[in-house]
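Participant: Take a look at this one; I'll ask things after.
The values are calculated or read from the model by the stated rules, or taken from the named source; none is laboratory data. From a predicted model like this one, the values you see are computed outputs, not experimental measurements. Virtual Cβ from ideal backbone geometry, glycine too; neighbours counted across all protein chains shown. Each accessible area value is taken on the protein alone, full model and side chains, heavy atoms only, with ligands, DNA and RNA left out. Shrake-Rupley method; radii C 1.70, N 1.55, O 1.52, S 1.80 Å.
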Amino acid sequence: MEEIKGAIALVGYGLAAIGPGIGIGIVVGNAIQAMARQPEAAGMARTTMFLGIAFTEALALIGFVLFFIA
Amino acid sequence: MESVILAASECDVSQEIICAPQDVLELFFFKDALFTIGGFHFTRTVFLIFLAMFIVLGLLYFGLRKGEKVPSKFSSAIEALVTFVKEDIAIGIIGPEGVKYAPYLLAVFMFVIVGNLFEVTPLINFPITSRMAIPLFISLVTWVIFVIVGFKKNGLRYLGDLIWPKSVPVALRWLVGIIEFVSTFLLRPITLAVRLFANLVAGHLMLTLLLASGWIFMSSVGDIGVRSIIGLPWFVFGLGIYVFEIVVAVLQAYIITLLSAVYVQTSVHPEH
């Protein structure tokens, strides 16, 4: 078997990106649905959407930073 | 176009193409001081911090100067920005008493947006918020503010409600309490800082790698001939990312301000 090269931290970052990717998709999808159903509440939905994205994204970013540190 | 490439000027083109920072610790410490005054090391980052400060002061001073009968377009834009932070973020998130926190939120917003936009400013091309010290300091100030406000508004009940939540079944209270305690006092400042930091590091890295590789391939047309055409898609992709990074810079400034407001809000009204 040939030698596998590369940093294991890269695999870790890839794994860390899966969950937040799905999560951001769910957050934005539902926010768009909310905005389409109630356009008058679009402003509130948008603010909350950015909050949700920010919280979800944090996990991927921690993975990204650990890739540098590891 | 030369100025776009300045970010990549640290790469040694004649050798192998190595654009990664030679020492990752550069992200966490200020290195290579240009000169030192009384123990303070002046580096490129420190200069850019002062530049950002003067830009913010100048924007706010000349934008909000009194005495103009008819506000110019510039004044209206700055005023709209200040109103946005005050009305939408401070009052919209925290509530009527959010006016008190509007100056702090405005300072954070303006400083971070200017610092982020240095990333896509020609001739600078270096976001100061991609050095850990600056996001960490901002998030620690936010941490101090929301902890002090929490204790001031609610007394020791702030801590009590946090580690012994009444709305949870008794058997689970200790577990929820531990999670809440750790997430409020440890994870909040860390994620607030890391979010801004990592976004800007990632953007800076992507821009540098794409534009530098495109430029290096295209400029070595004499050595490798027609194969240098491979640099063109990289360069075009890099310019696309360049536009995307402007959006990221503004959005991250908005998000760090929004989250600071949300954290203060949870201390002002802990029930929600």
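Participant: Can you name the residue in the range B:61-97 that is open to solvent by less than 60 Å² (accessible area, probe 1.4 Å) and within 14 Å of another protein chain (Cβ to nearest Cβ) and is also farthest from B:K153 (Cα to Cα) among such residues?
Facilitator: My answer is B:V85.
Participant: Among the residues of the range B:49-85, which ones are assigned to a helix (DSSP H, G or I) and of a type in the set (G, A, S)?
Facilitator: B:A52, B:G58, B:G63, B:S75, B:S76, B:A77, B:A80
Participant: Mind listing just one residue for me: the one in the range B:217-272 that is aromatic (F, W, Y) and surrounded by fewer than 16 Cβ atoms within 10 Å (Cβ to Cβ) and, of those, farthest from the other protein chains (Cβ to nearest Cβ)?
Facilitator: B:F237
Participant: A further question on this structure: Can you spot a residue in the range A:48-57 that is of a type outside the set (F, W, Y), within 21 Å of the chain's Cα centre (by Cα) and away from every other protein chain (no Cβ under 14 Å)?
Facilitator: Within the range A:48-57, not a single residue is of a type outside the set (F, W, Y), within 21 Å of the chain's Cα centre (by Cα) and away from every other protein chain (no Cβ under 14 Å).
Participant: A:L59 passes all but one of (1) within 21 Å of B:L187 (Cβ to Cβ); (2) open to solvent by 60 Å² or more (accessible area, probe 1.4 Å); (3) without any contact (Cβ under 8 Å) to a residue 24 or more places away in the chain; which number fails?
Facilitator: Just one mismatch for A:L59, condition (3).
Participant: Do we have any residue at all in the range B:178-192 that's among the basic types (K, R), within 14 Å of chain A (Cβ to nearest Cβ) and assigned to a helix (DSSP H, G or I)?
Facilitator: Yes, the conditions are met somewhere in the range B:178-192.
Participant: Looking at (1) over 19 Å from A:T47 (Cα atoms); (2) touching a residue at least 40 places away in the same chain (Cβ under 8 Å); (3) of a type outside the set (G, A, S); (4) surrounded by 13 or more Cβ atoms within 10 Å (Cβ to Cβ), which is the only condition B:F109 fails?
Facilitator: (1)
Participant: Among the residues of the range A:27-47, write down those that are within 11 Å of chain B (Cβ to nearest Cβ) and either surrounded by fewer than 13 Cβ atoms within 10 Å (Cβ to Cβ) or touching a residue at least 12 places away in the same chain (Cβ under 8 Å) (or both).
Facilitator: Selection gives A:G43, A:R46.
Participant: When you look at B:P122, is it away from chain A (no Cβ under 14 Å), within 27 Å of A:F64 (Cβ to Cβ), of a type outside the set (D, E) and in contact with a His (Cβ under 8 Å, 6 or more places away or on another chain), yes or no?
Facilitator: no
Participant: In the range B:94-127, what residues are within 17 Å of B:L57 (Cα to Cα) and aliphatic (A, V, I, L, M)?
Facilitator: Result: B:A102, B:L105, B:L106, B:A107, B:V108, B:M110, B:V112, B:I113, B:V114, B:L117.
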